[in-house]
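Some notes on the structure that comes next.
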Amino acid sequence: MKKIFITACLILLATAIFSQTIKKVKITEVEEYIKNSDHPIVVNCWATWCAPCVEEIPYFMETVKKYSEQKVELLLVSLDFANSYPNKILEVIKKHHFDATFFWLNETNADYFCPKIDPKWDGTLPSTLLVNNKTGFRKFFGRPMTDRQIELEVGRMTGSK
């Protein structure tokens, strides 16, 4: 019985360590997270039902990994519907092996939350904001990005290109 209990505890511990968590947030929390970041951050707004979103996330992950010395962070902000939080979102994250900081935006009024990310954002997905508070770098893309574009812009954000 003791062996079964220890095994179960180890499985639960491993699951807790290796499982992704998705923080439920309001747009003001996203704003604060970006504002208080002391390292370069790539904020990608996406949804599980958005094929171009899911397609470009691996490019972001690959590029962020290349810039690990500059501590570039990938923040994936899901705009999925409430009925997808958290199970459907976690399912897609695990299926595609996404590795990032995960937020789910608990907002429905795009006229309110879009301009808080960028005044030019009309709600199109995917959309990406690159921010480096230390250098004042801030650039927004309201469209899908290619792997080359991501590499170039993250390089610019970090001052490497």
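Under a Gaussian network description of the chain, with springs only between Cα atoms under 10 Å, the residue in Val30, Val92, Val77 that fluctuates furthest is Val92. Cross-link partners among aspartates and glutamates for Lys94, C-alpha distance below 18 Å, same-chain residues fewer than 8 apart left out? Within the straight-line cut-off, Lys94 pairs with Glu55, Glu56, Glu62, Asp80. For the chain, the membrane-span-like helices by this rule, meaning whole DSSP H stretches whose C-alpha atoms cover at least 20 Å of axis and whose Kyte-Doolittle mean is 1.6 or above, are 2-18; this says nothing about an actual membrane.
Using a cutoff of 8 angstrom between alpha carbon atoms and counting only pairs six or more residues apart, the relative contact order for segment 52-161 works out to 27 percent. Sparsely packed loop sites in segment 45-106 (the trypsin sites (Lys or Arg not before Pro) outside DSSP H, G, I, E and B with at most 14 other Cβ atoms within 10 Å) comprise Lys71. Using just the helices of the chain, give the 222 nm mean residue ellipticity in deg cm²/dmol: DSSP H runs with n ≥ 4 each add -39,500 (n - 2.57), and the total is spread over all residues, rounded to 500. Here the helix-only value at 222 nm equals -14000 deg cm²/dmol. Straight-line reach from Lys139: which lysines fall under 23 Å, measuring Cα to Cα and dropping same-chain residues less than 8 apart? Within the straight-line cut-off, Lys139 pairs with Lys26, Lys35, Lys65, Lys66, Lys71, Lys116, Lys120, Lys161. Cα centroids of segment 115-161 and segment 45-83: 12 Å apart.
Remark: segment 17-70 carries 55 Å² of accessible area per residue (probe radius 1.4 Å; ligands, DNA and RNA excluded).
Note on segment 27-78: dipole from Cβ charges, positive end direction compared against Ala47, Tyr67, Thr28; the farthest Cα belongs to Tyr67.
Loop-located chymotrypsin sites (Phe, Trp or Tyr not before Pro) across segment 77-113 with a Cβ neighbour count of 16 or fewer within 10 Å are Phe81, with loop assigned by DSSP. Placing +1 on the Cβ of every Lys and Arg and -1 on the Cβ of every Asp and Glu, with no other charges, gives segment 15-161 a dipole of roughly 220 debye about its Cα centre.
The values are calculated or read from the model by the stated rules, or taken from the named source; none is laboratory data. Note that the coordinates shown come from a computational prediction; the quantities given were computed from them, not determined experimentally. Cβ: placed from backbone, ideal geometry, glycine included. Neighbour counts: every protein chain shown. Quick note on the areas: whole protein, heavy atoms, side chains included, nothing else; ligands and nucleic acids left out. Shrake-Rupley method; radii C 1.70, N 1.55, O 1.52, S 1.80 Å.
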